[in-house]
Each structure stands twice: as C-alpha cells, then as structure tokens.
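Trainee: Sharing a structure with you now.
The values are calculated or read from the model by the stated rules, or taken from the named source; none is laboratory data. Bear in mind the structure is a predicted one, so any value in this text is a computation, not a measurement. Cβ sites come from the backbone with ideal geometry, for glycine too, and all protein chains shown count toward neighbours.
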Amino acid sequence: MSIINYVNKEVQFKIVYYGAALCGKTTNLAYIHGHITDTNKGELVSLATAADRTLFFDFLPLNALVIKGFRTRFQLYTVPGQVIYNATRQLVLRSVDGVVFVTDSHWDKMQENVESFHNLYDNLVLQGMDMDRIPYVLQYNKRDVPRLAPVHYLEYILNNRPVRVPSYQAVATTGQGVFATLNAISRLLLRKFIRETEETAAAGQVRAPAPAATALSGIAAGTRR
C-alpha cells in the first residue's frame, strides 16, 4: 500500500512490472531511468544472483504535486521472468500499489503470456490482494517484431475480465509507449489514493493530506531530458 511520509512530505507508490521471461520488463525500466533527469531519480539497482535478477529505482516527477504540500515518489520494480524464481516474484509483489503487465507480442509467446498472467493473479491472492481491486495496466510490447499477434487477440486473452483495463502498444527498445504506460498506471494510483484519502478523512480516522487541483497532471511531461 502507498506510504505517506510526513517528514519528507512525500507519498510513495510501488509499481511492479510483471511478465514472462524476456518480454521487455527490464527494457522498460532502463528506458524510463535513462530519460528522467538525474536530480529526480535514484540509481538503477540490480539484485542479481547467477541466474535471477530484479531491478528497481525510484523517481520524483517534476510536476509531482499531487496532494497539497506532498510530492509523489514512484518506486519501480521488475520481477524475474522465469517460473522457477516464483518465490522472488512473491517477495517483489509485497506491498505493491500497482502493476504493469508486460506482454510479448510474438505469436509463439502467447502461452507464456497467459501463464504469467495467471501466475500474477495467484501470487496476489497469496498475499491477500485482488486483481479486481489493485490498479494495473497492460502493455503489449514488441509491436515491431515479425509474426505479430494482433491487438484484438491480445485483448481477448488478457483483457477479458469484467472490467477492462487500459492497454498500450509499445516498443520498449525505442521508448514507444513506455511513458504512456507509466503515466496510465500512475494516474490510476493517484485516483485511487485520492478517493481513499477523502473517504478516510471524511470518516475522521486518520490525519491525511487534502487533494490538490493538479492531482492528475501526469508524470512523463517534464521528466525527459
């Protein structure tokens, strides 16, 4: 869940990029990290073993005044794609606020995409989370490859829940769709946070910052070099 840091005047959100092996999760993070000004980002950290790697970094958008007097800080994580590292996936998902599910658009990767999506669902359930309640978006990556699965088919197999979620086409190696995806999940998180903050404040349960008018201005603008 999001963390309100009253000392630093920040609201911190954790976003996890999830998907099958080699679908483009790491490429997304590397592109984002490379196009945010140095003063607004942390280091891109790799927690690696001989065959297992998780990346993460955090950043503070330039136009991050989401709540009066409070800035937003986003922490981005990837999970290892291989199924044998499922314990690491579960660990990375702890306290997650939102998910970007990255899909490999190759026709021959459809089974892996579906299995990874089901694995995400199962791992969230194990932590007492519900995919119908946690914000997530779909990214259809590698739209520049041959033997391309059409978007309507990807929507059919992955975006067929009762409430459809935002989906974006991307080529993470060039940056196409990368910030659009990040902006989408960030906006979902902000809307959810503001709604829950207002409900909690109205109930008089905790001290909470009041929403600002600039809450949903987006994060990509002003962050690129």
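Trainee: Would you point out which residue out of ASP108, ASP58 is out of contact with any helix residue (DSSP H, G or I) (no Cβ under 7 Å at 6 or more places or on another chain), in a helix (DSSP H, G or I) and among the acidic types (Asp, Glu)?
Mentor: Selected residue: ASP108, the only one of ASP108, ASP58 that is out of contact with any helix residue (DSSP H, G or I) (no Cβ under 7 Å at 6 or more places or on another chain), in a helix (DSSP H, G or I) and among the acidic types (Asp, Glu).
Trainee: Let me ask something else about it. Looking at segment 1-20, which of its residues are assigned to a strand (DSSP E or B) and surrounded by fewer than 13 Cβ atoms within 10 Å (Cβ to Cβ)?
Mentor: ASN5 - this is the single residue of segment 1-20 that is assigned to a strand (DSSP E or B) and surrounded by fewer than 13 Cβ atoms within 10 Å (Cβ to Cβ).
Trainee: Now for a different question. Which residues, taken from segment 154-193, are modelled with pLDDT under 95 and either aromatic (Phe, Trp, Tyr) or in a strand (DSSP E or B) (or both)?
Mentor: PHE193
For (1) closer than 20 Å to LEU182 by Cβ; (2) in contact with a Leu (Cβ under 8 Å, 6 or more places away or on another chain), each residue gets a yes or a no:
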| position | (1), (2) |
| --- | --- |
| ARG94 | no, no |
| GLY98 | yes, yes |
| ASP108 | no, no |
| GLN127 | no, yes |
| ASP132 | no, no |
| VAL145 | no, no |
| GLU155 | no, no |
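Trainee: Further, regarding this structure: Starting from residues that are of a type in the set (S, T, N, Q) and closer than 22 Å to LEU188 by Cα, keep the ones in segment 134-174 and report whichever is surrounded by the fewest Cβ atoms within 10 Å (Cβ to Cβ).
Mentor: Looking at residues that are of a type in the set (S, T, N, Q) and closer than 22 Å to LEU188 by Cα, I get ASN160.
Trainee: For segment 108-132, give me each residue that is at pLDDT 95 or above and charged (D, E, K, R).
Mentor: Listed by number, the residues that qualify are ASP108, LYS109, GLU112, GLU115, ASP122.
Trainee: Limited to segment 38-48, what total is found for residues that are touching a Phe, Trp or Tyr at 6+ places or on another chain (Cβ under 9 Å) and either modelled with pLDDT of 90 or more or assigned to a loop (DSSP other than H, G, I, E, B) (or both)?
Mentor: 6
Trainee: Same structure, new question: Name, by its number, the condition in (1) over 27 Å from GLN176 (Cβ atoms); (2) of a type outside the set (Val, Ile, Thr); (3) in a helix (DSSP H, G or I); (4) out of contact with any helix residue (DSSP H, G or I) (no Cβ under 8 Å at 6 or more places or on another chain) that does not hold for ASN123.
Mentor: That leaves (4) as the condition not met.
Trainee: Which residue, of VAL96, VAL114, is more than 25 Å from GLY175 (Cβ to Cβ), of a type in the set (Val, Ile, Thr) and either touching a residue at least 12 places away in the same chain (Cβ under 8 Å) or surrounded by 12 or more Cβ atoms within 10 Å (Cβ to Cβ) (or both)?
Mentor: Answer to the selection: VAL114.
Trainee: Out of everything in segment 76-107 that is more than 28 Å from TYR156 (Cβ to Cβ) and at pLDDT below 90, what residue ends up being nearest to the chain's Cα centre (by Cα)?
Mentor: Of everything passing the filter in segment 76-107, THR88 is nearest to the chain's Cα centre (by Cα).
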